[in-house]
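Encoded as structure tokens, the structure appears first; notes follow it.
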Amino acid sequence: MSRAFVKEMDDAPPPPLLERPVSIAPNRVTPRGAALIEQAVASLERQLAAGPGEEAMAALRRDLRYWVARHATIRIEPPDPAPRAVAFGARATIRRGGAVSDIAIVGEDEADPPAGQIAWTAPLARALDGAEAGEVVEFEAGGKVEEIEVIAVAAGS
């Protein structure tokens, strides 16, 4: 391959950034989730005001469009202070495959599964929705059905 051809390829502009997909589900958020969205918008606006390079600016503008759209559709749902069943904003202690774990059912943008924050639209959250302490629900994952026991339900944070 000639060096001239390589040079042309190196000088090609980067492909355009794709927009971040916005969920079609209602934008249910906890008060914490609303604050996180507001913080994201403010942070991106500060970064853009600092005048980053052109490539960084394109990514920041794309991200700001996403967060502004999410902010515009916020539906804040304060958690029930004494939930009887697993629901949006609640915390649940579950036994799954012999392991006990605590999860909180939160908005899509505040979800962090490794930290136990599960989006209300996630299959696990949907399977647990409405279950009370002591109930066992069936959950289909990866082509197999497993039983999940709800040990306790508490108010979320």
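The values are calculated or read from the model by the stated rules, or taken from the named source; none is laboratory data. Keep in mind the model is a prediction, meaning the values are calculated, not measured. Side chains are part of the model used for accessible areas, which takes the heavy atoms of the whole protein and leaves out ligands, DNA and RNA. Shrake-Rupley method; radii C 1.70, N 1.55, O 1.52, S 1.80 Å.
Below, the figures for the structure above:
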quantity	calculated
The chain: DSSP helices with Cα axial extent of at least 18 Å and average Kyte-Doolittle hydropathy no lower than 0.0	31-49
Projected area averaged over orientations for the chain, convex hull of C-alpha atoms, nm²	13.8 nm²
Per residue value of the accessible surface for the stretch 13-129 (all protein chains in place, 1.4 Å probe), Å²	58 Å²
Accessible surface of the stretch 34-117, 1.4 Å probe, proportion on carbon and sulfur as whole %	54 percent
